[in-house]
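Scroll down for the structure; my scribbles are underneath it.
The values are calculated or read from the model by the stated rules, or taken from the named source; none is laboratory data. Being a predicted model, the structure only gives us computed values, none of them experimental. Positions of Cβ are generated from backbone atoms using ideal geometry, with glycine treated the same way; all protein chains shown enter the neighbour counts. Side chains are part of the model used for accessible areas, which takes the heavy atoms of the whole protein and leaves out ligands, DNA and RNA. Shrake-Rupley method; radii C 1.70, N 1.55, O 1.52, S 1.80 Å.
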Amino acid sequence: MSIQYFATTPASMTDYQFDLLARLLGIPSPARAAARAVLIDGAETVAAAQLQGCAAAELTQAMADILAAEVDIRGAFVLHGPNEFRVTVGHHDTHRMPGAVTLAAGQEVRLVAHSTERWIPVRVLSVPAQAGGYYEGVIVEQLVTASRFQFGDRVRFGEDQVMTPDSAARPGVPARLHRRFQGRRPGHGDQ
């Protein structure tokens, strides 16, 4: 993700998290105040730099350092386990049997969260050492507001929980939603 993205959208970190990261990184006072204005309050980058009396390049570097540290720390300490994601294929599926897909490190896949029933884009970081083991990945984008699944969180998942781009040809999950969620889909229960 680029700094331009974060400069137009306030970060999801709290004041305390921001202060801790800025202090650990040793960000100087003017750049720290300007970065707070941009990342926490949603101010314009140029206006915040001018108001705090710091160079735009210094502010950009401070924001990049803070955001990179946030993602690194989040990835090191937040790990979502396989029980938080829906199993999307089973032995009754004729389009893809469990174990039929081999994923590679760097590949982007989708997982469906139990809590939101929405898919989450994940980049595979490591593959299991043996068949039937768990893959590890990192969430590359947050698609649901106020979700506990954040950009940079690490995840552990099985092959049978993955929706690959070829799954879009026959979207297995939306067709088999639990009846509790059926009314939430457009065209179902809208009478």
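Observations, loosely collected:
- For region 13-60, the candidate set comprises residues that are open to solvent by less than 50 Å² (accessible area, probe 1.4 Å), under 24 Å from ARG74 (Cβ atoms) and assigned to a loop (DSSP other than H, G, I, E, B); within that set, the residue that is modelled with the highest pLDDT is ILE27.
- Subset tally (residues that are out of contact with any helix residue (DSSP H, G or I) (no Cβ under 9 Å at 6 or more places or on another chain), surrounded by 15 or more Cβ atoms within 10 Å (Cβ to Cβ) and not basic (Lys, Arg)) for region 61-89: 5
- The number of residues in region 116-126 being assigned to a loop (DSSP other than H, G, I, E, B) and open to solvent by 70 Å² or more (accessible area, probe 1.4 Å) comes to 1.
- Among residues of region 127-163, those that are assigned to a strand (DSSP E or B) and either exposed (fewer than 14 other Cβ atoms within 10 Å of the Cβ) or at pLDDT 85 or above (or both), counted: 10
- Residue within region 96-113 that is modelled with pLDDT of 85 or more, among the polar types (S, T, N, Q) and in a loop (DSSP other than H, G, I, E, B) present: yes
- Residues (surrounded by fewer than 16 Cβ atoms within 10 Å (Cβ to Cβ) and more than 20 Å from GLY75 (Cβ to Cβ)) located in region 105-114: HIS114
- Beta carbons closer than 7 Å, at least 6 apart along the sequence or on distinct chains, pair a first residue in region 128-151 that is in contact (Cβ under 8 Å) with a residue 24 or more places away in the chain and under 16 Å from PHE85 (Cα atoms) with a second that is surrounded by 16 or more Cβ atoms within 10 Å (Cβ to Cβ) and among the basic types (Lys, Arg) for TYR134/ARG156; VAL138/ARG154; GLN150/ARG74.
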